[in-house]
Amino acid sequence: MGVEHYLKELLYRYNCVVVPSFGAFLTQKKSAVVHKASNTLYPPSKTLSFNAQLTSNDGLLVSYIAEAEKTDYETMLAQVGEQVAVWQKQLKQGERLLLEAIGELWLNKEGKIQFQPSEQENYLTTSFGLSAFVSAPITREVLKEEVVSMEEKIPFTITPEKRAQTAFRPYLKYAAIFLLTLATGATAYRAYRQGLYQQQIVRSAAEQQVSKQIQEATFFDAAPLELPTLRLEATSKERAFDSAKKIHHVVAGAFRFKKNAERKIQQLKKSGFNPSYIGTNPFGLHMVTYDSFTDAETALTALRKIKRTQSPDAWLKSVE
């Protein structure tokens, strides 16, 4: 079983693929690029990055491998864990971990995982079959340089015009006006096209920045900070109203597939909790809770205990 093989297949379909207890590989769309120095046009692609903080198992990779290998989920989860242990051992020994068509990982002096993506694979399916294209310099620029060099070598002699040539002067004047108008129009058109190109560059940079912010907001997996509790004196009626107004859920996790959420509920019931399924979040992930409370103080007490004894990734969600 090659985990990197199935990881590569999933990167074509998804923007985030998590390797449980190891990290997540993320992709982001990149527009076509022109390298002016070499006259090379690179097609649109997906840039690949690695985030060592996203280690929670969302079930995507394990379920995909289990289905491909015709085995059950729990067995495949154990096999993936063994492969991750081998990878982590290699990194701790100072070796570089090379994942074919994905990239190379290693530890820096601070013990943080560094990642260098592979440039051999383009994970953008709409660019399949496209490769970098090298265009030769435009011929007219070469001819222009030759003409300039000839003008420097060959002097031009201006002689007085004869009276007999007077009849041709209006035509020369009109030709000069026409050429001046044509040159002015060409210059204005070139400036207009250059302005459009700069606008496209600015728009593309803005779209990439917005996409990056959306991706960070979508895949950042850090648990919410637990803020200190501020106690305010309130009447018994106000406390009763607030308790009836909100329900406080201690969330155990969010899963891409609902069957994984149902499996988590069964595990929590066996552990003595009162779990429940509370629907999906704005990103389409199925959410499962350890328990739900109407009193905020009771919910915070339960959350602290669960973080200490069960999972530090648990967090509190209040719903009116």
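Among (1) open to solvent by 20 Å² or more (accessible area, probe 1.4 Å); (2) under 21 Å from ALA101 (Cβ atoms), which single condition is LEU10 missing?
(1)
Just to be sure, is HIS286 farther than 27 Å from SER63 by Cα and modelled with pLDDT of 90 or more? Steps first, please.
Values: farther than 27 Å from SER63 by Cα: no; modelled with pLDDT of 90 or more: yes.
It is false that HIS286 is farther than 27 Å from SER63 by Cα and modelled with pLDDT of 90 or more.
Conditions tested, residue by residue: (1) open to solvent by 50 Å² or more (accessible area, probe 1.4 Å); (2) within 18 Å of the chain's Cα centre (by Cα); (3) modelled with pLDDT of 90 or more; (4) over 27 Å from LYS259 (Cα atoms).
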{"residue": "HIS5", "(1), (2), (3), (4)": "yes, no, no, no"}
{"residue": "VAL18", "(1), (2), (3), (4)": "no, yes, yes, no"}
{"residue": "PHE22", "(1), (2), (3), (4)": "no, no, yes, no"}
{"residue": "LYS46", "(1), (2), (3), (4)": "no, yes, no, yes"}
{"residue": "GLN53", "(1), (2), (3), (4)": "yes, yes, yes, no"}
{"residue": "VAL62", "(1), (2), (3), (4)": "no, no, yes, no"}
{"residue": "GLU74", "(1), (2), (3), (4)": "yes, no, yes, no"}
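Under 7 Å between Cβ atoms, which residue pairs at least 6 apart in sequence (or on different chains) link something in the range 1-19 that is closer than 21 Å to LYS29 by Cα and without any contact (Cβ under 8 Å) to a residue 60 or more places away in the chain with a partner that is surrounded by 19 or more Cβ atoms within 10 Å (Cβ to Cβ) and acidic (Asp, Glu)?
Close Cβ pairs satisfying both conditions: VAL18/ASP58.
From the list THR294, THR280, THR309, THR289, pick out the single residue that is surrounded by fewer than 13 Cβ atoms within 10 Å (Cβ to Cβ), β-branched (Val, Ile, Thr) and farther than 19 Å from VAL18 by Cα. Break it down into steps so the answer makes sense when it comes.
On the way: THR294 fails: surrounded by fewer than 13 Cβ atoms within 10 Å (Cβ to Cβ); THR280 fails: surrounded by fewer than 13 Cβ atoms within 10 Å (Cβ to Cβ); THR289 fails: surrounded by fewer than 13 Cβ atoms within 10 Å (Cβ to Cβ).
On inspection, the qualifying residue turns out to be THR309.
Give ALA183, ALA252, ALA261 a once-over and let me know the one that is touching a Pro at 6+ places or on another chain (Cβ under 9 Å), at pLDDT 50 or above and among the aliphatic types (A, V, I, L, M).
On the way: ALA183 fails: touching a Pro at 6+ places or on another chain (Cβ under 9 Å); ALA261 fails: touching a Pro at 6+ places or on another chain (Cβ under 9 Å).
ALA252 is the lone residue from the list that is touching a Pro at 6+ places or on another chain (Cβ under 9 Å), at pLDDT 50 or above and among the aliphatic types (A, V, I, L, M).
May I ask you to say which residue of GLU95, GLU141, GLU151, GLU119 is open to solvent by 90 Å² or more (accessible area, probe 1.4 Å) and at pLDDT 80 or above? Don't jump to the end; show me each part of the working.
On the way: GLU95 fails: open to solvent by 90 Å² or more (accessible area, probe 1.4 Å); GLU141 fails: at pLDDT 80 or above; GLU151 fails: at pLDDT 80 or above.
Matching residue, one of GLU95, GLU141, GLU151, GLU119: GLU119.
Scan the range 15-60 for residues that are in a strand (DSSP E or B), closer than 18 Å to GLU121 by Cβ and of a type in the set (A, V, I, L, M) and report the count.
Filtering the range 15-60 down to residues in a strand (DSSP E or B) leaves 16-19, 23-30, 33-35, 40-42, 45-51.
Among the residues that remain, those that are also closer than 18 Å to GLU121 by Cβ are: 16-17, 19, 24-30, 33, 42, 45-50.
This time we only want the ones that are of a type in the set (A, V, I, L, M), so: 17, 19, 24, 26, 33, 48.
Adding up the residues that qualify gives 6.
The values are calculated or read from the model by the stated rules, or taken from the named source; none is laboratory data. Note that the coordinates shown come from a computational prediction; the quantities given were computed from them, not determined experimentally. A quick note on method: Cβ atoms are made from the backbone with ideal geometry, for glycine too, and the neighbour counts reach across all protein chains shown. Surface areas here come from the heavy atoms of the whole protein model, side chains and all, with no ligands, DNA or RNA. Shrake-Rupley method; radii C 1.70, N 1.55, O 1.52, S 1.80 Å.
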